[in-house]
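Student: Next up is a structure, given as structure tokens.
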Amino acid sequence: MRFQRLAATAAIATLALSVAACGKDGTPSPGTDEAVGTGDKCASSGVKFTPATDVKITGSPAYDKIKTAGKVVVGVKADQPNLGYKDASGTRCGFDIEIAQLIASRLGVDPAKIEYKEIPSANRETAIKGGEIDYYVGTYSITDKRKNDVSFAGPYFVAGQDLLVRKDDTSITGKESLKGKKVCSATGSTPLQRVRDEKLTEDANISEFKTYSECVSQLLDKKVDAVTTDDAILKGFAAQAPAKLKVVGKPFSTEKYGIGLSKDDKAVRDFVNDLLEAARGDGTWQKIYDGTLGISKSPATQPALERY
């Protein structure tokens, strides 16, 4: 990930990243002490994703396309530490990336053959509906509105909306203290919509960018007072700049992350739900979490699936 302007500052350039779970453009790289927390590098959680050889999914246009192509095209984020991240060498890592690799392997595709596409939050439904990607894994909150356009497998993780502020800022203690404050979030995101719907601050004080890293740059430059999105994302940013940033720590929503899929392909949705259930039973989900988001020391367990 690059904080864009943030990365240009000397202070941030020397920060050690607390990242995990990675492979270069989809292939997990060996997890080593040398690779973890020593600059802009990714490291694997250690889970091996061996392609399945006995895959049978009937009546699924999405699977038929994948099987014919011999690869999967996955929509992801690239600027979310420990979730969906791309380092300076082009290596991708994080919880969402490894979940994407898990799904690919169960579909019979080597993770090395994943084609990643970085899709902004506002364009996710369009990318799925248009067949630009086979599935999307990127802090994608399941909502009834989105179900009108796409379907979801999961949830595979539950987060909560929170606030990232400057370390020395004591004026923002929760969502109730945002009036008069400049708040930033990603265009098309659920958190941004919540700020508007609940009128947490005045419309003129709301800024939006394609990526959260742009918002973080604005925060460090003192052009905004807070960045809001899911706490899992914010903890990753705070871990990169612990002397400058902090998470308020008062979540005010429940965000259920799902795998974004084609709306009418029930066969592949059931298949992904089944493999997520299996990953909970055999401990794979927990191993992936512990080696990625879990390095923040925040405990978590896989939520119950909501099949529909």
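The values are calculated or read from the model by the stated rules, or taken from the named source; none is laboratory data. Remember, predicted model here, so these are calculated numbers, not experimental data. Please note: Cβ atoms are built from the backbone with ideal geometry, for glycine as well, and neighbour counts cover all protein chains shown. Ligands, DNA and RNA are excluded from the accessible area calculation, which covers all protein heavy atoms including side chains. Shrake-Rupley method; radii C 1.70, N 1.55, O 1.52, S 1.80 Å.
Student: Could you check, for the stretch 156-173, whether at least one of its residues is open to solvent by less than 60 Å² (accessible area, probe 1.4 Å) and on the phi > 0 side of the Ramachandran plot?
Tutor: For the stretch 156-173, residues open to solvent by less than 60 Å² (accessible area, probe 1.4 Å) and on the phi > 0 side of the Ramachandran plot: absent.
Student: Starting from the stretch 272-292, take each residue that is free of Cβ contacts under 8 Å to residues at least 60 places away in the same chain and list its partners that are in a loop (DSSP other than H, G, I, E, B), counting only C-beta distances under 7 angstrom and pairs at least six apart or across chains.
Tutor: As it stands, the answer is GLU277/LEU305; ARG280/GLN302, since those pairs meet every condition given.
Student: Out of the stretch 204-241, which residues are out of contact with any Phe, Trp or Tyr (no Cβ under 7 Å at 6 or more places or on another chain), among the polar types (S, T, N, Q) and assigned to a helix (DSSP H, G or I)?
Tutor: Matches in the stretch 204-241: ASN205, GLN218, GLN240.
Student: Moving on. Is it true that some residue in the stretch 255-266 is closer than 18 Å to ASN82 by Cβ and part of a strand (DSSP E or B)?
Tutor: To start, the set of residues in the stretch 255-266 that are closer than 18 Å to ASN82 by Cβ comprises 255, 257.
Still in the running and part of a strand (DSSP E or B): 255, 257.
Within the stretch 255-266 (the criterion being closer than 18 Å to ASN82 by Cβ and part of a strand (DSSP E or B)), the answer is yes, since at least one residue qualifies.
Student: What residue, among those in the stretch 61-83 that are closer than 21 Å to GLY131 by Cβ and open to solvent by less than 10 Å² (accessible area, probe 1.4 Å), is farthest from the chain's Cα centre (by Cα)?
Tutor: ILE66
Student: For residues that are of a type in the set (S, T, N, Q), touching a residue at least 40 places away in the same chain (Cβ under 8 Å) and buried (at least 18 other Cβ atoms within 10 Å of the Cβ), tally how many sit in the stretch 218-260. Outline the logic, then answer.
Tutor: In the first step, residues of the stretch 218-260 are kept if they are of a type in the set (S, T, N, Q); the result is 218, 228-229, 240, 253-254.
Subsequent filtering for residues that are touching a residue at least 40 places away in the same chain (Cβ under 8 Å) retains 228-229, 240, 253-254.
With buried (at least 18 other Cβ atoms within 10 Å of the Cβ) added as a condition, the list becomes 228-229, 240.
Qualifying residue count for the region: 3.
Student: Are there any pairs, at least 6 apart or on different chains, whose C-beta atoms fall under 7 Å, with the first in the stretch 196-208 and in contact (Cβ under 8 Å) with a residue 12 or more places away in the chain and the second in a helix (DSSP H, G or I) and open to solvent by less than 100 Å² (accessible area, probe 1.4 Å), and if so, which?
Tutor: LEU200/LYS175; THR201/VAL195; ILE206/VAL195; ILE206/ARG196; SER207/GLN218; GLU208/LEU192
Student: Right, another one. Is one or more of the residues making up the stretch 136-144 out of contact with any helix residue (DSSP H, G or I) (no Cβ under 9 Å at 6 or more places or on another chain) and either open to solvent by 10 Å² or more (accessible area, probe 1.4 Å) or not charged (D, E, K, R) (or both)?
Tutor: Taking every residue of the stretch 136-144 in turn, at least one turns out to be out of contact with any helix residue (DSSP H, G or I) (no Cβ under 9 Å at 6 or more places or on another chain) and either open to solvent by 10 Å² or more (accessible area, probe 1.4 Å) or not charged (D, E, K, R) (or both).
Student: Being more than 22 Å from GLY75 (Cα to Cα), at pLDDT below 95 and in a strand (DSSP E or B), is that true of even one residue in the stretch 246-254?
Tutor: The answer is yes; a qualifying residue exists.
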